[in-house]
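Down below is the structure, laid out as structure tokens.
The values are calculated or read from the model by the stated rules, or taken from the named source; none is laboratory data. Quick caveat, the model's predicted, so the values are computed rather than measured. Neighbour counts run over all protein chains shown; Cβ positions are idealised from the backbone, glycine included. Just so you know, the surface numbers come from the protein's heavy atoms only, side chains and all, with ligands and any DNA or RNA stripped out. Shrake-Rupley method; radii C 1.70, N 1.55, O 1.52, S 1.80 Å.
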Amino acid sequence: MIEVSNREIARYLGYRGISPDPRVQQVIDQVLQELERSVRPGCLHRMEPCTLDASGLLHLGPITVSSLDLKKNLDGCTHVILIGATLGAAPDQLIRRYEATDMLKASIAQAVAAAMIEAYLDSEQEKLERMYLAQGLHMRPRFSPGYGDLSLDVQPEILAVLQMSKHLGVTLTDGLLMIPSKSITAFIGLAERPYHCETISCQFCGKENCLYRKE
Amino acid sequence: MSILETMKERLLFTDGGMGSLLQSRGLEPGKIGDTWNIDRPEDVIEIQSEYLSAGSDILTSNTFNTNVLKFPDEGMNSVESVIAAAIRNAREAMRRVPSERERFVALDIGPTGKLLQPLGDLSFDDAYDIFARNVRAGARAGADLVLIETMNDTYEIKAAVLAAKENSDLPVFVTVTFDENGQLLTGCDIKGVIAMLEGLHADAIGMNCGLGPVQMQPLLDTFLAYSSLPVIMNPNAGLPRTENGVTVYDIDIDTYTREMEQMVRKGVRVAGGCCGTTPAYIASLTDRCRSLSTPMAIRPKDDTLVSSYAKSVEIGKDPVIIGERINPTGKKKLKAALKENDLGYILNEAVRQQQAGAHILDINVGLPGIDEVHMLKSVMQEVQSVSDLPLQLDTSDPEAMEQALRYYNGKPLINSVSGKTETMEKIFPLVRKYGGVVVCLCLDDAGIPQSAEERISIARKVRAEALSYGIDAKDLIIDGLAMTISANSQSALTTLETVRRTTEELGMHSILGVSNISFGLPARENINSHFFTMALQNGLSAAIINPSSESMMTAYYAFRALAGLDENSMDYIRQYADAASASKLKITSSEITLSEAIRNGLKEAAADAAQRALTRLEPLTIIDNDLIPALNAVGDAFEKKTLFLPQLLMSADAAKAAFDVIRTFVKSQGGPQESKGTIVIATVKDDIHDIGKNIVRTLLENYGYNVIDLGRDVPPETILDAVLAHQARLCGLSALMTTTVPHMEETIRLLHEKAPYCKVMVGGAVLTQDYADEIHADFYGKDAMASVRYAESIFNK
């Protein structure tokens, strides 16, 4: 079971400062239960060496990218984890069904599923964090294609390296969006020294739900 | 001897994984190994030779990734050259490792790598064309069979099987990838997959990849219980895990071999492996299992199954309810919806019937003046995008039926054939080709017989005719014809006798359009529900009824509880335990004003309040003085962030309920159906996220606008056409990703050029005021409420 925080769901629904009233909360709980019953989460990851060449290109195993923001995020990292996760097709199907009859439930399902995929990846990431910490490697916050100047053009390569299509059924549209849509890919840097928020500014950090994030 | 003949005589063994063996020879992760057929043929031939030495009877060509999406370049690395080289390499391996046994080369076909519409953006026809090209190339290169594998979406499977069948004469084997619960990515269960594949006449079916043999073992039991076709098992070498950045699989050769032996003993006819199974695994498998004596005959199964992309429904064991609401006969609103192409109304009906307890939905769009061929297909596809129930395709137009059958995702119920020679000649070939369970009406060229005896004899005739087309009796369901008792007081008895004898004498399943029984009588539900119970008692398997009718559903639940079909009456209790307390709730809303109801998002209270207001006020006064101000107040609070999206939508829903009451009233008084103006909205090309756009639509509709919603992934020209056709003064465009904003810009340019009277507002996660200015939008809506405000400013001028 994926632990989804109510605060996150409310955040995705646009709530600032106050909590959903009981009637909205009741719908949230109902949609959450329905999603919990139907999602089929899956996650793939792979560690690769991380190097920077003279022309400023990042080499992340077999993938080469040009991105100043990711470069800052990965500053000091020797390795990088490529990670991909999905909740499967059920959230997309459920949202479409609600959209035909009930936009309230559709928008709530959208928010709950968004919070859920983040929570799922967080929990998978925590497992990896413990594992790599035992090897003396510290994890950076994950950084996804589409953040900052990291283009979505890198998506086909990430999906191919992780074989996300074959093992998780995650594919790309012509516009490079992932389907099922409740899916995430990311790079997670590994460095020998621990990471502090001061190391890199919020702008270069993928941790969107950070309490201390400066907008 | 063909592989199908060979299979009757002995077990066949396939090969194992290819990708990891190529990687161990230097293929980089993420790179496609299919080009090695041309660039490094020796490596491919050596690996395949190892599999032959291990005892494989079937070599799968190294073409899992070969398709035009991944090999767009022509010439050296065209799909055709890669496939020809792959088949050549497999043949060369066979030449190098001779055997007395006959062996076969399978053209390997994997998924396209894209998800089909409606979830994804690849059309069924494009998927078909991709597969067809591979099949033609493989057949030309001399493959012995087609193996469609690692499939996780029924729609893509259907495209691939049709492409294989229509572009070659080769046998077609299909293996799919289930998760541990026995579901595909898109949700389909094992029975549903089998039903569809048997309907499409695949030659052997099974599972591969995703799981190891241990996890597949319980799924195999279901597979064998339902499949009348030979079963293939190609599991991975267990479940994957990453070790030092490399994927490894968790079971050893002994465990794999032991599990596979058990599978073969249970009745698997083609065995091999997938990811992680090396030639050593296959050698151990063939060594242990080749000489096993296992029964070679496969018992044909007689389950009557229909399916959707997500589930199967079995007809015969427990009564099945077919929702009749999507059929325009006698339904004004639906007729209007079909004529105006208002799919929203139809989808709502679909979801409501599902919530009310329907197991299958009837889809009939036959209306004078409607292009039924196009409309049936389009309504069917839209309904399949919101409901996971199997559908009953209901048309008397064979061309509409063929199109619907081709594009249906799953194995449908087909309504109908009769004893008329002409309908059988037109419909049975379609059923034979695409699969489906067919409703057979007990009437023929001489008309509707008066006696049950004659009806049963027509059923026999239809069954014999179906068999001559190769359609199994399990795929027929007999309609004994419910005819109104107002014309003939004996007619119910005749129908009931036909139903009973269908079960008892023919051993077949039955169906009725139940409500026909009361045509012309008052209070029809009384007659309908009692007749329904009588029919169920006589063995009725499926009933076409209105699942929203309380008395019909009561008859259904009560019958099941009484007939021992509802263990511990659990379903009955779930349905009616709260019935006593529910009636109390309604009363409380009576004193709430319309304004309060809308502000608090109380849907039923809003409808009640509107109804009360209509007794003393003019409709327009209610709208202007209560409804719109209340909505505006909610909108203001939303803008000030004292209230949030969910409440905004709840209020919008409440306002809509009130609007609907007022509109119905105005219409009943013969008044005009006024709308405040027409607005075209769409999510731009390549963008498939449309929830934001849908929220905007909901709000605009609730402010009284006529919204033409073109959906998502809409090309600029389509948007222009709609704006021109409706002379719309406002168009809303949504985009979520930076990559799709250029399409938005292009659409704006086109609209400003060809429809200068139309203002364009834009919105979506990626947009800002600056960005909107840059692409020359007339307005940037930062949220749904802002779009409403802008619309008000345009249309209230």
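When the stretch B:355-377 is limited to residues that are in contact with a helix residue (DSSP H, G or I) (Cβ under 8 Å, 6 or more places away or on another chain) and among the small types (Gly, Ala, Ser), the one that is most open to solvent (accessible area, probe 1.4 Å) turns out to be B:Gly369. Has the stretch B:180-194 got any residue that is touching a residue at least 12 places away in the same chain (Cβ under 8 Å), more than 14 Å from chain A (Cβ to nearest Cβ) and within 17 Å of B:Lys266 (Cβ to Cβ)? Looking through the stretch B:180-194, at least one residue is touching a residue at least 12 places away in the same chain (Cβ under 8 Å), more than 14 Å from chain A (Cβ to nearest Cβ) and within 17 Å of B:Lys266 (Cβ to Cβ). Working only within the stretch A:72-97, note down all residues that are buried (at least 20 other Cβ atoms within 10 Å of the Cβ), in contact with a helix residue (DSSP H, G or I) (Cβ under 9 Å, 6 or more places away or on another chain) and away from chain B (no Cβ under 11 Å). Once the filter is applied, which keeps residues that are buried (at least 20 other Cβ atoms within 10 Å of the Cβ), in contact with a helix residue (DSSP H, G or I) (Cβ under 9 Å, 6 or more places away or on another chain) and away from chain B (no Cβ under 11 Å), the stretch A:72-97 yields A:Asn73, A:Gly84, A:Ala85, A:Leu87. Among the conditions (1) hydroxyl-bearing (Ser, Thr, Tyr); (2) over 30 Å from B:Ala542 (Cα atoms); (3) crowded, with 21+ Cβ neighbours inside 10 Å, B:Ser293 misses just one, which is (3).
Among the residues of the stretch B:676-713, those identified as β-branched (Val, Ile, Thr), surrounded by 23 or more Cβ atoms within 10 Å (Cβ to Cβ), out of contact with any Gly (no Cβ under 6 Å at 6 or more places or on another chain) and away from every other protein chain (no Cβ under 13 Å) are B:Ile679, B:Val680.
Of all residue pairs spaced 6 or more apart or on separate chains, none has beta-carbon atoms under 6 Å together with a first member in the stretch B:99-119 that is more than 10 Å from chain A (Cβ to nearest Cβ) and a second member that is surrounded by fewer than 22 Cβ atoms within 10 Å (Cβ to Cβ) and in a strand (DSSP E or B).
Please verify whether B:Gly435 is at positive phi and buried (at least 19 other Cβ atoms within 10 Å of the Cβ), treating the condition exactly as stated. Criteria met by B:Gly435.
Checking the structure you have, find out if any residue of the stretch B:762-770 is among the hydroxyl-bearing types (Ser, Thr, Tyr) and either closer than 19 Å to B:Tyr703 by Cα or open to solvent by 10 Å² or more (accessible area, probe 1.4 Å) (or both).
At the first step, the residues of the stretch B:762-770 found to be among the hydroxyl-bearing types (Ser, Thr, Tyr) are B:768.
Right, trim to either closer than 19 Å to B:Tyr703 by Cα or open to solvent by 10 Å² or more (accessible area, probe 1.4 Å) (or both) and you get B:768.
Yes; the residues of the stretch B:762-770 include at least one that is among the hydroxyl-bearing types (Ser, Thr, Tyr) and either closer than 19 Å to B:Tyr703 by Cα or open to solvent by 10 Å² or more (accessible area, probe 1.4 Å) (or both).
Taking the stretch B:132-147 as the range and being open to solvent by less than 10 Å² (accessible area, probe 1.4 Å), of a type outside the set (Gly, Ala, Ser) and without any contact (Cβ under 8 Å) to a residue 40 or more places away in the chain as the test, only B:Val135 passes. When residues in the stretch B:368-417 are screened for being of a type in the set (Gly, Ala, Ser), within 9 Å of the chain's Cα centre (by Cα) and not in a loop (DSSP other than H, G, I, E, B), 1 of them pass.
Yes or no, residue by residue, for (1) modelled with pLDDT of 90 or more; (2) within 24 Å of A:Gln163 (Cα to Cα); (3) touching a Leu at 6+ places or on another chain (Cβ under 8 Å):
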position	(1), (2), (3)
B:Glu5	yes, no, no
B:Arg10	yes, no, no
B:Thr35	yes, yes, no
B:Ser53	yes, no, no
B:Asp57	yes, no, yes
B:Phe64	yes, yes, no
B:Ile83	yes, yes, yes
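Here A:Ile83 meets each of (1) modelled with pLDDT under 95; (2) under 30 Å from B:Gln23 (Cα atoms) with one exception, condition (1).
Each residue in the stretch B:175-195 was checked for being closer than 19 Å to B:Leu122 by Cβ and aliphatic (A, V, I, L, M), and 3 of them qualify.
Residue by residue through the stretch B:153-177, note down the ones that are open to solvent by 10 Å² or more (accessible area, probe 1.4 Å) and within 11 Å of another protein chain (Cβ to nearest Cβ).
Filtering the stretch B:153-177 down to residues open to solvent by 10 Å² or more (accessible area, probe 1.4 Å) leaves B:155, B:165-171, B:177.
Residue satisfying the conditions is B:Thr177 alone.
Residues that are away from chain B (no Cβ under 14 Å) and either surrounded by 15 or more Cβ atoms within 10 Å (Cβ to Cβ) or not in a strand (DSSP E or B) (or both) within the stretch A:52-66 comprise A:Asp53, A:Ala54, A:Ser55, A:Gly56, A:Leu57, A:Leu58, A:Ser66, listed in sequence order. Scanning the stretch A:144-165 for residues being facing chain B (nearest Cβ under 7 Å), out of contact with any helix residue (DSSP H, G or I) (no Cβ under 9 Å at 6 or more places or on another chain) and without any contact (Cβ under 8 Å) to a residue 60 or more places away in the chain gives a total of 1.
Right, A:Ala186: part of a strand (DSSP E or B) and more than 7 Å from chain B (Cβ to nearest Cβ) or not? Step through it out loud before you land on a result.
Numbers: part of a strand (DSSP E or B): yes; more than 7 Å from chain B (Cβ to nearest Cβ): yes.
When the stated conditions are applied, A:Ala186 passes them.
With the requirement that a residue be out of contact with any helix residue (DSSP H, G or I) (no Cβ under 8 Å at 6 or more places or on another chain) and either open to solvent by 50 Å² or more (accessible area, probe 1.4 Å) or modelled with pLDDT of 95 or more (or both), what does the stretch B:317-337 give you? Those that are out of contact with any helix residue (DSSP H, G or I) (no Cβ under 8 Å at 6 or more places or on another chain) and either open to solvent by 50 Å² or more (accessible area, probe 1.4 Å) or modelled with pLDDT of 95 or more (or both): B:Lys317, B:Val320, B:Ile322, B:Thr329, B:Gly330, B:Lys332, B:Lys335. Just a yes or no: is a residue in the stretch B:248-265 more than 19 Å from B:Thr294 (Cα to Cα), within 14 Å of chain A (Cβ to nearest Cβ) and exposed (fewer than 15 other Cβ atoms within 10 Å of the Cβ)? Yes: the stretch B:248-265 contains one or more residues that are more than 19 Å from B:Thr294 (Cα to Cα), within 14 Å of chain A (Cβ to nearest Cβ) and exposed (fewer than 15 other Cβ atoms within 10 Å of the Cβ).
Going by the structure shown, is B:Ile148 part of a helix (DSSP H, G or I) and β-branched (Val, Ile, Thr)? Can you show your working first?
Details: part of a helix (DSSP H, G or I): no; β-branched (Val, Ile, Thr): yes.
Criteria not met by B:Ile148.
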